[in-house]
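Below is one structure; the comments refer to it alone.
The values are calculated or read from the model by the stated rules, or taken from the named source; none is laboratory data. Nothing here was measured: the structure is a model prediction, and the numbers come from that model. A quick note on method: Cβ atoms are made from the backbone with ideal geometry, for glycine too, and the neighbour counts reach across all protein chains shown.
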Amino acid sequence: MHCNFHILTDKLIKINCNTQKIILLFFFILFAKSLAAQSYRDIKTPVSIRFNEVNASVLFKELDKQTGYKFNFDDVLQGVILKNISYNRAPLGKILSDITHAGLSFSLVNRSISVNYVKPDPVRRVQPGKIGGKIVDEKGEGMPGASIKILEQNQGIQSSVDGSYVLNAVPGTYTLEISYISYQTKRITGVGVKEGQLTSLNVEMRPAAGALKEVVVTGNYKKESVAGLYAQQKNSASVTDGISAEQIAKTPDNNVASVLKRVNGITMLDNKYVVVRGLTERYNQAMIDGLTVPNTDMNRRNFSFDLIPTELVSSVVVNKTATPDVPSEFVGGQVIVNTLAIPEQNFMTLNVGAAYNSQSTGKDFLSAGGRGNKDFFGFDDGRRKMPDNLVSWTPTQGQDDPRVEGTTVGGYKTGYAGAIEQSKRFNSESFRLYNYKASPNQNYRFTIGRVYDLKGQQGLRIGFTGGLTYRNTQQINTFETVRDWEVLHDYIDKPDTAGKGKAYVFNSNFGVVLNGGIQGERFKVNLRNLYTQTFNEDFYQTTVFNRDLGLKAQNNFVDPMYSRIQQHKIDGENSIGKKGMKLNWSGAFTRMNQDHRDTRKFNYAALSNTFGTFYQRPNVVTAADVPGNYMWDYRLWTAIKERDYNWSVSLSQPFNFLQDKSLVKVGYTGWYKKRSQDITMAQVFAQRNPNHNFTDPYETLLTPDRVGYGLNKAYYFLDNTNGGLFNADSKYHAAYLMLDQRFFQKLRVVYGLRAENFNLKNRQEDEIRRRMIEQMKRPGQTFISDVPILTGEKNWNFLPSVNLTYSFNSKMNLRAAYTKTMIRPDFRETSTFTFPDPLLEAGIKGGNLSSTKIQNVDLRYEFYPNPDEIFSVSGFYKYIDRPVELINENPGTNTVILEYKNQHSAKNMGLEIEWRKSLGFINPALQNFNLFGNAAWIWSEVKTLIKISNPNYDPKNPGKEPKEITAIQPLKRPLIGQSPYIINAGLSYQSRFAGATLSFNRSGYRSYLIAVNPANTEFQSPRSLMDLQLSARVLKQKGEIKFNVSNLLNTQDVYYNNANSWKSEAQSYERIKGTDKYEPEFGDNIRYRMKYGRTYNLSFTYNF
């Protein structure tokens, strides 16, 4: 079999033959099964018939007469009575399917239908079905108190406070009537109910003209359910994209991360990082049930969205413009995941899956310190525990032996007599390398939902939804790096200079979601709970050329991180009075703990005469060699604790203005957050002795019998800077006023003002401690430091917003918006300590930052041809004041330190196109195929700030003028992380039996590491990603098999610089050739590249 394909690239992509065979076999089964499934259920001949009670033989004679199909049956049907048979131009196949519950079955041969009858079990009771959904107004808002009746049964209820309703009914076909004061009454015919199943029906109501007392509009089920979907899609107040629970149910997606990939304008990186409009995660906001999710990454804003099962999701909304009633900390977009508390029907689902990665599964997988059984469940078995009651100290001046104690003139005690004995309490086995075979990735998910209608209490329901998720992945990423070499020359492909290594990533994740609620006609109360436990261990092993030693060395870095998030929220909605007033309220608590337990950096040089293949000379240093933290070998423990309290209340009141519906809303929201972090670092030291000859690995060198102070002995030095790093809290209060008005039945205006008070205080405990120690060591001397002891800000900001929507007709809108948003610095960005990042091969630190203010202007045309279809064109402009970037201010030094810094300003403008369209317009046979995607072209420019020499500085009078001043750098470049273009596209097929989705993503180059000197700025090359998903429904539609291939093209990440395109003089820089793109003809050099391999995932889902 020939296996070479050209797939959206200019190079030949070779795909594994077995993968092709699986795909071809799947499509053979898919279409073969579709052909074999042609049966009486597919007969489209229309039938109009109505019987309250009818003999089965009489019914089939009538069907014979209307359709021309010949029905063959026995006389036994004379005794079979059918009830509530009512259809209006319904397909014959549907009618026959609906009456199978009476013991009837059918087989079709040409135009002859054979009827078989098996008497149902008399003990079995027919289970009622349900009709449920939401009644919404012309703005898409829920309508509490709407009357919903089943005319055939004279049964009715009122919609709940959020507009939702559920009606129980025996299997059959009914007419629903929905009415509301001053709105047109709707009658919907042909609403079918099946045994034990929910018929979903969302209804959009329209205002009645003022002169008319009552207007009744009649429509069929298909038409009205379509209109209900339109109401959710096109009637949002702002420029919004999203996906509803009904749309999610049609996809084979298992979790929210997969769903987000289907939302226009969203790109997901590693299932955690949200990219909107080409902007990276710092400039986007992720929320769950209205709460900003805590970061689970030390240095980046992220959240693992694949923890949330799709069965528990009511909707996913992506806001691209702001309204006053929602916190708005974004430039690109705000992703809001809303979860269910009370389901519309009972459900229970079990999912199991496994995955194979082409460069990981079955390959050698290294671990430092071994793998404990509890690692697979996200917990520690004690092997990474820090010894208790550790003592840190400052060496006594003039003494090399750590045990020699002393006291300074200021009374500060130095040295520690128990230094050697303390060092013996560390577990040296943590350095031992273990080799396993990487297991297949595995994931499991269980979800359940239950709802109960309380007898005797009309409209009162209680219910709950819950989910358990577990995932374990073992991934090996290969990489090459020359980041420690100077930037002007190409070293990446030279064997003597390029560092080559592997990243062994072990991740176990356990999550629980449990929501519940009670709901009546005039109130709703929900309790939402989320718990996640994650263990992630990154182990980077790199073989590099050590220029100081003049030989090859092996660098090892292992970072075990335990993360736990616990979130609880209670929220309510209440109707007040009879004029539509609504009260919403909420309160929430979030606890986040993150521990880096026994992070280790340990390096070995090659032993002599081993030709660079055996690395066992440990990198032990003395006090005289240490230039600063993280340079030499160490172990560290650090713990982060965060507690968040959130609350909100709002009151809304509808009113009439110029004979049209309007709404006024006022509200208040606030939070209090507190976060602290401490650290303990133990560095490997030795006596100052030129005769040392260390040739043993650390697990041998640092055993209790080898630890000491002397020749070829080592010990742990704990610096007195150990302890608390920072202790921070932030307070936030916001009040808003919002008006939502319609004019002339065509124009909707949502406008208002949000006033926010923000107060962040971050006390730098490590800097305070350092200053105190220095003062004690040198009393009477002035200690000067440019590191602040308190960072943060306190301010008021007023954020106006206006969103205008002009509806040309029921399918077409024109939107315009002006909004002002804010992005505030978080606790990590305002903390001055440095923490290592193995991927960036750098240390990350924060500083005293200001909030970023953004002025946004958006214009968008949108067209909704059919439900689940959209075509839109958007233009946007953003002025960003004081953006924050991660900057390397001292490139070329031995240790790369990246610091969060405010820049002067930035501008973003772009054009965005979005589409989602069924191919049925080409041929009805293609109705189940959908083409979807979005593309954005973005121009970005940032004005950067640099420090320059102050021409007015007088060294004779240093207090008069500062030595350096801040100035705007005359240099044009895009904002960090901004791509000039982004393309998401895909083709999907979905039927009752099978589905397939092929998706493609490509982002343009983007700045990745920013340096003051642009020659040191690093860019990420464009990367094309293609994913394939195949699914098939089995076991009477209750089971689903899914096969996914991720990174189908097996593309790698490549990072480069334009070092030879710049000329520097003094403190100014000038581009002399080329652009920011990767252009090797102009001397651009690759600095880093990483390969991930293809991942093949097979899963099975069963719905009980």
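A compact table of results
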{"item": "Contacts under 7 angstrom Cβ, first residue in the range 278-289 being at negative phi and outside the structural domain of SER979 (by TED's automatic domain parsing), partner in a loop (DSSP other than H, G, I, E, B) and of a type in the set (D, E, K, R), 6 or more apart", "result": "GLU281/ARG300; GLU281/ARG301; ARG282/ARG301; GLN285/GLU329"}
{"item": "Selection count, the range 370-388, where residues are under 28 Å from ASN720 (Cβ atoms) and either of a type in the set (D, E, K, R) or at pLDDT 95 or above (or both)", "result": "7"}
{"item": "Set ARG50, ARG41: member being of a type in the set (D, E, K, R) and either within 15 Å of VAL109 (Cβ to Cβ) or part of a helix (DSSP H, G or I) (or both)", "result": "ARG41"}
{"item": "Qualifying residues in the range 704-729 (those that are in a strand (DSSP E or B) and among the small types (Gly, Ala, Ser)) - the one farthest from the chain's Cα centre (by Cα)", "result": "ALA714"}
{"item": "Residue that is small (Gly, Ala, Ser), in contact with an Asp or Glu (Cβ under 6 Å, 6 or more places away or on another chain) and not in a strand (DSSP E or B), where the choices are GLY132, GLY93", "result": "GLY93"}
{"item": "Any pair with Cβ under 7 angstrom, 6 or more apart, that starts in the range 69-86 at a residue that is in the same structural domain as ILE49 (by TED's automatic domain parsing) and surrounded by 13 or more Cβ atoms within 10 Å (Cβ to Cβ) and ends at one that is aromatic (Phe, Trp, Tyr) and assigned to a helix (DSSP H, G or I)", "result": "PHE71/PHE60; PHE73/PHE60"}
{"item": "Failed condition for ILE565, given (1) more than 22 Å from MET1090 (Cα to Cα); (2) touching a Gly at 6+ places or on another chain (Cβ under 7 Å); (3) β-branched (Val, Ile, Thr)", "result": "(2)"}
{"item": "Single unsatisfied condition, GLU138 versus (1) within 40 Å of the chain's Cα centre (by Cα); (2) in a strand (DSSP E or B)", "result": "(2)"}
{"item": "Residue satisfying condition, being of a type outside the set (Lys, Arg), at pLDDT 70 or above and closer than 27 Å to GLU141 by Cα, within set LEU260, LEU279", "result": "LEU260"}
{"item": "Residue that is nearest to LEU839 (Cα to Cα) [pool: residues in the range 1038-1097 that are of a type in the set (A, V, I, L, M) and touching a residue at least 12 places away in the same chain (Cβ under 8 Å)]", "result": "MET1090"}
{"item": "Selected residue (only one of ASN727, ASN722 is buried (at least 20 other Cβ atoms within 10 Å of the Cβ) and within 23 Å of VAL391 (Cα to Cα))", "result": "ASN722"}
{"item": "Filter result for the condition that a residue is in contact with a Leu (Cβ under 9 Å, 6 or more places away or on another chain) and either more than 23 Å from GLN399 (Cβ to Cβ) or modelled with pLDDT under 95 (or both), over LEU711, LEU747, LEU725", "result": "LEU747"}
{"item": "Hits in the range 539-551 - residues which are surrounded by fewer than 19 Cβ atoms within 10 Å (Cβ to Cβ) and either without any contact (Cβ under 8 Å) to a residue 12 or more places away in the chain or not β-branched (Val, Ile, Thr) (or both)", "result": "GLN541, ASN546, ARG547, ASP548, LEU549, GLY550, LEU551"}
{"item": "Unmet requirement for GLY163, which otherwise passes all of (1) modelled with pLDDT of 85 or more; (2) out of contact with any Pro (no Cβ under 7 Å at 6 or more places or on another chain)", "result": "(2)"}
{"item": "Identity of the residue in the range 480-491, buried (at least 19 other Cβ atoms within 10 Å of the Cβ) and of a type outside the set (D, E, K, R), that ends up farthest from PHE376 (Cα to Cα)", "result": "VAL487"}
{"item": "Qualifying residue in the range 643-653 (condition: under 35 Å from the mean Cα position of the chain (by Cα), modelled with pLDDT of 80 or more and of a type in the set (D, E, K, R))", "result": "yes"}
{"item": "Verdict on ASN295 being over 30 Å from ARG450 (Cβ atoms) and either without any contact (Cβ under 8 Å) to a residue 12 or more places away in the chain or of a type in the set (Lys, Arg) (or both)", "result": "no"}
{"item": "Considering residues of the range 477-509 that are part of a strand (DSSP E or B) and of a type in the set (Gly, Ala, Ser) only, the residue nearest to ILE1086 (Cα to Cα)", "result": "GLY499"}
{"item": "The range 487-511, subset within 19 Å of the chain's Cα centre (by Cα) and at pLDDT below 90, residue nearest to GLN554 (Cα to Cα)", "result": "ASN509"}
{"item": "SER107, sole failed condition from (1) closer than 27 Å to ARG41 by Cβ; (2) buried (at least 21 other Cβ atoms within 10 Å of the Cβ); (3) not aromatic (Phe, Trp, Tyr)", "result": "(2)"}
{"item": "Complete set of residues in the range 151-174 that are without any contact (Cβ under 8 Å) to a residue 60 or more places away in the chain and closer than 21 Å to ASP98 by Cβ", "result": "LEU151, GLN153, GLN155, LEU167, ALA169"}
